[in-house]
1. Could you list the residues of the range 296-326 with an amide nitrogen less than 15 Å from a label point located 7 Å from the Cα of residue 270 in the Cα-to-C-beta direction?
2. Compute for the range 193-316: radius of gyration divided by Kirkwood radius, i.e. Rg/Rh, restricted to C-alpha atoms, rounded to two decimals.
3. Applying a 10 Å radius around every beta-carbon, put 159-166, 358-365, 325-332 in order of their mean neighbour count, most first.
4. Send over the semi-axes of the range 276-347's equivalent ellipsoid, whole angstrom and largest first, taken as the square roots of 5 times the C-alpha gyration tensor eigenvalues.
5. What's the exposure ranking of 373, 259, going from fewest to most Cβ atoms within 10 Å?
6. Over the Cα atoms of the range 257-307, compute the convex hull volume and normalise it per residue, giving Å³.
7. For the range 149-225, count all C-alpha to C-alpha pairs, find those more than 16 Å apart, and express that count as a whole percent of the total.
8. So, in nm, how far is label residue 278 from label residue 350 when the simple model puts each one 7 Å beyond its Cα toward the Cβ?
């Protein structure tokens, strides 16, 4: 069956042939000669009809003359090449357009933008960046070019450049961007990794008033405080994260417990957990999941949550014979629950642990920027055990 691309190509060639035919009619009339159709056009159409698409495309590129009548045809042809993954041919088409001396400003900008997209598709980010940068002041394509530059800078982790471009976009649109806070968080995490905590805190100042990125900024500040042994501040910040989004219990529980221990306040940690459960009993399930994933076995409150989870989950209770477990002596039951927790941890860590709430992309590593839908702060921990893998 002919593909959509083949039909589009045929349409392009027919349009070009018609243009050539009309041109021949008028020019030949002036010389009182009978109208003639170019043999190359006929050959190109025969190649299309024979489904020899690649040969037809190559012939059309060679024979097509750039003029006002064929300009849009060239743009369409270049777009078709790019969609087919033939970026070298697309680049040739758009370079051929740019070589035309009498393009007006709008046409030249369109050709530059198309060529930049070709380079982007080929992974030539430096060339694409250069061309999109030329279009930052274009009356027609400035905003689209800036958006492409953001894409490049995100791919290349050029966070300061991404911030500068977004500021220009904000001025153009008259609205604040929710992504900039995450760029500052990226810079803060880089500074923290290099040991420059002062610079990390400077970057984090730009996340405080932003709804998006605020949670991430709090997590980074908590980690900085923990590294500086300011355990009281770290504890307050980690607990603030849990209050803001219970999905992050899995990420926060282990460092939070460590801060309580390092400050000599293990009993206060148990009281904190009991207070959480008293406010919302459904948190027991999330705490149990976090305890299993974090391999936390020396907390009485968390051990109780894990045991409760094993007994209350109908599928798991039947698999481990919960009724028999309940008859065991406390120490035997504790060791049995620990073995079950180890099995659950193996199941969880061998499957995807995080999922994007927007597009469903899943991963075993926590990330703030979804590589599939390109949205920020949509990836969340999957707080459940895929028990179906045991049953299959």
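Nothing in this text is a laboratory measurement; each read-out follows from the coordinates by a stated rule. In this text the structure is predicted, and so the values were computed from the model without any measurement. Neighbour counts run over all protein chains shown; Cβ positions are idealised from the backbone, glycine included.
1. 297-305
2. 1.02
3. Numbers: 159-166: 19.6, 358-365: 13.2, 325-332: 10.4.
Output ranking for 159-166, 358-365, 325-332: 159-166, 358-365, 325-332.
4. That gives 18, 13, 13 Å for the three semi-axes.
5. Neighbour counts put them in this order, fewest first: 373, 259.
6. For the range 257-307, the hull spanned by Cα atoms encloses 67 Å³ per residue.
7. Percentage above 16 Å: 48.
8. Distance between the two pseudo-spin positions: 4.1 nm.
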